[in-house]
1. Report, by residue number, each residue of region 286-306 that is outside any loop (DSSP other than H, G, I, E, B), free of Cβ contacts under 8 Å to residues at least 24 places away in the same chain and over 18 Å from Leu326 (Cβ atoms).
2. Please count how many residues of region 45-66 are more than 26 Å from Ala250 (Cα to Cα) and either in contact with a strand residue (DSSP E or B) (Cβ under 7 Å, 6 or more places away or on another chain) or crowded, with 16+ Cβ neighbours inside 10 Å (or both).
3. Looking at region 244-274, which of its residues are surrounded by fewer than 22 Cβ atoms within 10 Å (Cβ to Cβ) and under 21 Å from Ala213 (Cα atoms)?
4. For residues that are touching a Pro at 6+ places or on another chain (Cβ under 9 Å) and modelled with pLDDT of 95 or more, scanning just region 340-355, find the one that is nearest to Ala396 (Cα to Cα).
5. Name the residue that is surrounded by the fewest Cβ atoms within 10 Å (Cβ to Cβ), counting only residues in region 91-140 that are among the β-branched types (Val, Ile, Thr) and touching an Asp or Glu at 6+ places or on another chain (Cβ under 8 Å).
6. In region 305-324, which residue that is at pLDDT below 95 and among the β-branched types (Val, Ile, Thr) is farthest from Arg343 (Cα to Cα)?
7. Does Leu64 qualify as being in a helix (DSSP H, G or I) and under 23 Å from Ala387 (Cα atoms)?
8. Tell me yes or no: at least one residue of region 27-35 is outside any loop (DSSP other than H, G, I, E, B), over 26 Å from Gly297 (Cα atoms) and not polar (S, T, N, Q).
Amino acid sequence: MRRATGQTEHVSDVWSAPHHPAPVDAVVPLPGSKSLTARALVLAALSDGPSRLVRPLRARDTDLMVAALRALGVGIDDDGADWLVTPGALRGPATIDAGLAGTILRFLPPVAALAEGPVTVDGDPRMRERPNAGLIEGLRAAGVRIDDGGRGRAPFTVHGTGRVRGGAVAVDASESSQIVSGLLLAAARFDEGIDLSLAGGVPSLPHVDMTVAALREHGVEVSATDRGWRVAPGPIAALDRVLEPDLSNAAPFLAAALVTGGRVTVPDWPETTTQPGAQLDRLLTRMGAEVERTPDGLRVTGTGTVRPLVADLHEVGELTPVLAALCALADGPSRLTGIGHLRGHETDRLQALDEVLSAVGAQVRQLPDGLEIEPGPRRPARVDSYADHRMVMAAAVLGLAIDGIEVADPGAVTKTLPDFRERWAGLLGEPIGVQR
């Protein structure tokens with residue numbers, strides 16, 4: 001069988017995912033959104049004055065973004081839990097460690113193009129497999145010189161000259177919406193702005209909507225066209241920002257209510273938001289949960305049944321691992337489609353989910369753009385994290401209902417939620433259970 005990429009060999013850290021069939025009853029606060037934090041950092045770095053980011057996510061992805069911007073000359077200082085961002089003259093030479101963060105891979109190069117000097121972007125071994133040709137070709141069309149050895153992937157070097165022409169740019173963003181967002185975020189600083197047209201579709205479109213909303217909040221003129229988006233050249237206004245909780249990271253905790261027939265509340269759930277994770281209320285309702293907004297936050301209550309799901313997850317691909325885990329525990333077969341682009345994420349998530357769900361007893365069939373999942377007799381298994389934070393979260397959900405789930409390299413969760421295991425233990429009132 002073909003193996004998903006990103007799995008860890010010779011791992012000494014193994015997590016015994018807690019088995020907890022009893023109903024949970026918990027309030028789970030969550031740190032700031034990774035997606036919003038990444039956008040806020042880039043816009044603050046390119047703005048016309050200092051900014052304060054309140055309650056940002058502090059995790060591997062965002063810490064690496066901070067380090068990358070600092071390497072280009074941006075001042076970012078800690079003030080308690082906040083970040084104070086002071087724009088500076090962007091400059092190279094610099095070498096950027098993107099880790100396994102798609103936000104850095106695709107948001108940082110347009111910023112680097114505005115710097116004076118060469119900027120090289122590289123990262124973890126799996127980063128060199130993540131597709132990025134769409135962004136590289138888009139930047140070239142905007143007048144930027146990039147050396148990538150013809151790979152369309154990391155490592156590559158952006159030869160910044162302190163300015164970018166911009167103008168009309170056609171881009172293939174079929175592999176990631178971050179390609180569009182990366183170009184839009186920096187475009188107001190291009191001489192001609194950008195008139196970006198899509199060559200094909202774009203997955204996770206709500207993330208582009210998030211980018212457009214953030215730009216407008218910073219006073220940037222953005223308009224939709226029949227082909228894509230147009231950003232006018234001009235200043236990016238400095239803005240102090242309070243970050244919303246990460247709704248995608250809420251997925252495993254809310255799923256725990258459904259699996260155990262219990263109740264979980266996530267406080268500070270926004271009334272309106274551009275986060276795709278907001279669709280959890282609709283999706284979990286379809287899977288048998290009772291969902292309500294209360295003065296305390298979003299509350300999900302399990303009914304004792306997990307229903308199967310037939311859904312196009314094209315706009316909410318990052319929720320797929322946890323939803324797929326629920327499908328393996330449902331009372332009938334499920335079909336998840338619109339997620340072929342997940343093969344290019346932290347790992348090939350469709351292959352990884354096939355391997356993990358099959359290991360615990362489900363029958364899985366891969367489709368060109370998704371998965372069919374039929375629950376089977378449940379069995380214990382030791383599974384990989386595939387160096388993927390979402391796969392650790394999916395395994396945690398499986399462990400609630402299946403005794404004997406072990407996860408190799410659970411530290412992959414540091415990417416977006418470093419204390420996930422502690423929060424999970426708090427949810428369940430159980431010890432963390434790490435073996436060394």
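The values are calculated or read from the model by the stated rules, or taken from the named source; none is laboratory data. Keep in mind it's a predicted model, so treat the numbers as computed, not measured. When we count neighbours, we look across all protein chains shown, and the Cβ atoms used for this are built from the backbone with ideal geometry, even at glycine.
1. Taking region 286-306 first, the residues outside any loop (DSSP other than H, G, I, E, B) are 286, 290-294, 297-301.
Imposing the further condition that a residue be free of Cβ contacts under 8 Å to residues at least 24 places away in the same chain reduces the set to 290-292.
Glu292 - this is the single residue of region 286-306 that is outside any loop (DSSP other than H, G, I, E, B), free of Cβ contacts under 8 Å to residues at least 24 places away in the same chain and over 18 Å from Leu326 (Cβ atoms).
2. 5
3. Of all residues in region 244-274, those surrounded by fewer than 22 Cβ atoms within 10 Å (Cβ to Cβ) come to 244, 260-263, 265, 267-268, 270-274.
Glu244, Asp268, Pro270, Glu271, Thr272, Thr273, Thr274, listed by residue number.
4. Checked region 340-355; the qualifying residue nearest to Ala396 (Cα to Cα) is Leu353.
5. Looking at the filtered set, the residue picked out is Thr95.
6. Only one residue fits best here, namely Thr305.
7. yes
8. The answer is no, given that none of the residues of region 27-35 is outside any loop (DSSP other than H, G, I, E, B), over 26 Å from Gly297 (Cα atoms) and not polar (S, T, N, Q).
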